[in-house]
1. Pick from 607, 571, 597, 625: which is under 30 Å from residue 443 (Cα atoms), charged (D, E, K, R) and surrounded by 15 or more Cβ atoms within 10 Å (Cβ to Cβ)?
2. Does region 277-298 contain any residue that is at pLDDT below 95 and either closer than 19 Å to residue 161 by Cβ or in contact with a Leu (Cβ under 7 Å, 6 or more places away or on another chain) (or both)?
3. So residue 468 passes all but one of these: (1) of a type in the set (Gly, Ala, Ser); (2) modelled with pLDDT under 95; (3) open to solvent by less than 30 Å² (accessible area, probe 1.4 Å); (4) within 16 Å of the ligand (Cβ to nearest atom). Which condition number does it fail?
4. Could you check how many residues of region 396-435 are open to solvent by 10 Å² or more (accessible area, probe 1.4 Å), part of a loop (DSSP other than H, G, I, E, B) and more than 13 Å from the ligand (Cβ to nearest atom)?
5. What's the total number of residues in region 533-553 that are more than 8 Å from the ligand (Cβ to nearest atom) and touching an Asp or Glu at 6+ places or on another chain (Cβ under 6 Å)?
6. When the residues of region 450-477 are narrowed to those that are of a type in the set (A, V, I, L, M) and not in a loop (DSSP other than H, G, I, E, B), which ends up farthest from the chain's Cα centre (by Cα)?
7. Those residues that are more than 20 Å from residue 270 (Cα to Cα) and either β-branched (Val, Ile, Thr) or open to solvent by less than 10 Å² (accessible area, probe 1.4 Å) (or both), I need them from region 316-336; list them, please.
8. Need the failing condition index for residue 300 against (1) within 14 Å of the ligand (Cβ to nearest atom); (2) among the aliphatic types (A, V, I, L, M); (3) closer than 30 Å to residue 553 by Cα, just the number.
Amino acid sequence: MSENTFDSLLQEDRTFAPPAEFAARALVSDPDVYARAEADPEAYWAGWARELHWSKPWDQVLEWNPPQARWFLGGKLNAAYNCLDRHLDGPRRTKTALLWEGEPGDRRAFTYEELHAEVSRAASALRSLGIGKGDRVAIYLPMIPEAAIAMLACARIGAAHSVVFGGFSAESLRDRINDADARLLITADGGYRRGGIVPLKRAADEALTEEGGCPSIEKVLVIQRHVDGAPVGGAVMTEGRDLWWHEVVDAASADCPAEEMDSEDLLYILYTSGTTGKPKGIMHTTGGYLTQAYATTKWVFDLKEDDVYWCTADVGWVTGHSYLVYGPLANGATVLMYEGAPDAPDRGRFWKLIQDYRVTILYTAPTAIRAFMKWGAEWLRKYDLSSLRLLGSVGEPINPEAWMWYHEHVGGGRCPIVDTWWQTETGAIMITPLPGVTETVPGSATTPFPGIRADILSLHGEHIPAGGGFLAIRRPWPSMLRGIWGDPVRFQETYWSKWQGETVGSGDDTQPGEGVYFPGDGAKRDERGYFWVIGRIDDVLNVAGHRIGTMEVESALVDHPAVAEAAVVGKAHELKGQAVAAFVTLKEGLEPTEELKREISDHVVRKIGAIARPDTILYTADLPKTRSGKIMRRLLKDIAEGRTLGDTTTLADPSVVAQLKDDYEAKG
Ligand code: WTA
């Protein structure tokens, strides 16, 4: 988001108190919850943990040796048991757990009892393939019920899942499988996206066979995606390696006792982009993660027994993990899952889904909201959205215009909006309104969730009471990442070194900097104390709510045989928030054609996936660098966004920039 937008954010003075009828029925309407959590955060989190099922209680709530936290030490539980088995004793047994609709319109539904049986059969099948506690399983699936079933089946037997977003390329899948040494891959013949079929199995085959393949993979379980009883088809099965899910799982026993897991046993790895070319495997463990996913789902979404809750995120992202699977199912909610695009077959699809399923809670991303705005409110007026009572936003800053549109047109002016800030690393929501308590301001995620200690700090760790600085988390929280898979040094350096050696805070409220977490975001605090998260201050882009590392895209660009050097920056984009702007120098003697641009762009998609496709590619004879050879991204960003140039005195060759800017304006 550009500075200008940001200034307009801080001038935002529209406020929205929780509607009286909403507050009257809300699970939380007493602002005292904040003070009670602050009085004794460990006791507060232990109170939440006690709402879960533990086969053995913990001996100690927290052990904190920065940067290593352990929560609920000695406690034993199973995440899948908490999401399924414990709901079977009462009326939730026959309650709908999962409602699913495929893009072509096919539907499936599972009660808690049915979902439990499916997950148990899948878990038995995994066990029969020799998968067990401590193993890693890669999941590369479309948004079909089996995605959630496979995750829960892994959790049931104590294997960690590593879900890879179905939009990632074969190469991205291969890198993630190899980094985690996964023994099993679960994929599908295909899924639907905008009327077309995404051939996942074909990509999986490419990942497993080309360029060294994936030596750790022993078996591949392939789900057959059906439409109207007919399989999508196209999967070529490799004898001895590939097995059909329906053959193995349907025959397996539905009696599969859940593995007793330690609170700190690994639940999953999820890869996310950082500042280097290689994505990081974020590690989440069982007890603390589930506790905070459960607590935030319940309070932030004011979740009641009769809600129909829809989170539009793909299971390939952390939002899909915490708020499509673990959080809502641990709460015994009815969850809607939709496979496809919001404009298939037309731009009314989301609103039709809300009408058809009587959705009460909608959790989606600003990018989607901005697309809906552009498509026009007529699409919404064709459908009955009166079932909605609460709206959520996640993944990127929401601009006040989009917030207001969401409020008026989707929420009919009556639904509170929860703008939730968090990350793959935080595991669960960290900064958010509580819908029955918090007065909201369009564009602000407001205040930390009870028990979370967030702050805005200067470079040297001074507390900034009002104004801009670095977002910081000053106290361990249950669902915090426990590390980066295979890279403890990077874990320490990325998140815990920003204020190392400094004293953080001010007045009587200070602490050593090595225990303070740096999320990588810049933020400001307004006079009422509300947080405004502005966006990444590192080399991570947020394109349509998806995290993409500039270095990842740069490596993909220079991998193309014609490219000598490349630099990537994010440029403000009306719909996507940010778009990828690439600057490319070609190898000696090559012709800078439009066709080559397309080829380079396709190469990035092949290497990473469609989400990384450059919005613009600009040829340049040289890249602006400092005298020490560092690419000056800030200048490139200024050029990409058409701003006047900043200070170029440290530049090795200032004329490079002037030339670039002219070229960009002419062609970009
Ligand atoms: C950004 C997604 C402003 C932020 C859950 C963060 C947000 C990154 C918000 C994490 C929000 C997420 N307001 N910015 N409500 N939510 N972000 O790991 O830059 O995919 O660091 O997790 O998204 O992205 P991730």
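The values are calculated or read from the model by the stated rules, or taken from the named source; none is laboratory data. All values derive from a computational prediction rather than experimental measurement. With ideal geometry, Cβ positions are generated from the backbone for all residues, glycine too; neighbour counts draw on all protein chains shown. When the accessible area is computed, the model is the full protein with side chains, heavy atoms only, and any ligands, DNA or RNA have been set aside. Shrake-Rupley method; radii C 1.70, N 1.55, O 1.52, S 1.80 Å.
1. Details: 607 fails: under 30 Å from residue 443 (Cα atoms); 597 fails: under 30 Å from residue 443 (Cα atoms); 625 fails: under 30 Å from residue 443 (Cα atoms).
Exactly one of 607, 571, 597, 625 is under 30 Å from residue 443 (Cα atoms), charged (D, E, K, R) and surrounded by 15 or more Cβ atoms within 10 Å (Cβ to Cβ), namely 571.
2. First, pick out the residues of region 277-298 that are at pLDDT below 95: 277-279.
Retained after the next criterion (residues that are either closer than 19 Å to residue 161 by Cβ or in contact with a Leu (Cβ under 7 Å, 6 or more places away or on another chain) (or both)): 279.
Yes, region 277-298 has at least one match.
3. So residue 468 meets the others, but not (3).
4. Number of matching residues: 4.
5. 1
6. In the first step, residues of region 450-477 are kept if they are of a type in the set (A, V, I, L, M); the result is 452, 454, 456-457, 459, 464, 466, 471-473.
From the residues that got through so far, the ones that are not in a loop (DSSP other than H, G, I, E, B) too are 454, 456-457, 471-473.
On the way: 454: 20, 456: 23, 457: 25, 471: 18, 472: 19, 473: 19 Å.
So the residue we want is 457.
7. Within region 316-336, the first condition is being more than 20 Å from residue 270 (Cα to Cα), and the residues that meet it are 331-336.
Hits for region 316-336 are 332, 333, 334, 335, 336.
8. For residue 300, the exception is condition (3).
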